[in-house]
Amino acid sequence: MLEGERLATWTRFLKAHSAISRRLERDLADEHSLTLSDYDVLLQISHAPEQRLRPVEIAKAVLLTRSGITRLIQGLEREGLVERTDCPDDARGFLVALTPEGADLVRRARATHLARVAELFSDRYDDEELGQLARLLERLPE
């Protein structure tokens with residue numbers, strides 16, 4: 001049963017995650033007009049071979065539903081950050097490709113995001129503490 005210190009620890013974990021996520025979301029919106037989900041999708045595409053992914057691969061990587069990823073991609077497409085390209089393996093399917101504007105934006109947003117992650121998370125621990133935390137987090141499901 002989850003109670004006492006175990007429940008308090010779980011609650012603290014959820015509150016910290018929520019506070020950090022809100023701050024990261026706000027900073028990306030203020031500085032780059034991106035949501036955290038927009039940034040995550042652009043980042044996933046930027047790391048893919050030839051900076052192209054199938055929508056289903058994007059949905060799995062960012063944990064969105066197929067309809068959610070469709071709407072998000074359509075918005076990024078309207079902004080000129082991604083474009084649909086033919087899929088060489090599937091004549092009916094398509095790939096989502098990063099445009100030069102999208103690549104530039106994700107590069108700039110990444111710098112903002114990583115600086116804020118350092119400030120809000122990693123800079124608060126020394127290397128030994130971070131190693132211990134990493135080992136503890138490995139026990140959690142991915």
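Derivation of every value follows stated rules applied to the coordinates shown; laboratory data play no part. Every value quoted in this text rests on a predicted model; they were computed, and no experiment measured them. No Cβ is skipped: glycine too gets one built from the backbone with ideal geometry, and neighbour counts run over all protein chains shown.
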Any GluC sites (Glu not before Pro) in segment 1-61 that lie in a DSSP loop and have at most 12 other Cβ atoms within 10 Å would be Glu3
What angle do you read, to the nearest 10 degrees and between 0 and 90, between the alpha-carbon axis of helix 36-47 and the longest principal axis of the chain?
60
Enter the angle in degrees (range 0 to 90, nearest 10) between the Cα long axis of helix 100-120 and the first principal axis of the Cα atoms of the chain, meaning the one along which they spread out most.
0
Given the options Leu64, Leu81, Leu105, which has the most mean-square fluctuation in a GNM of the chain, springs set between C-alpha atoms less than 10 angstrom apart?
Leu64
For segment 43-142, run through the trypsin sites (Lys or Arg not before Pro) and keep only the ones in DSSP coil with at most 16 other Cβ atoms within 10 Å of their Cβ.
Arg92, Arg139
List the GluC sites (Glu not before Pro) in segment 77-132 that DSSP assigns to loop (not H, G, I, E or B) and whose Cβ has at most 15 other Cβ atoms within 10 Å. Which are they?
Glu79
Work out Dmax and Rg for the chain from the C-alpha atoms and quote the Rg first, both in angstrom.
17.9, 57
Quick one: if you stick a label point 7 Å off each Cα along the C-beta vector at Arg23 and Glu79, how many nm between them?
2.2
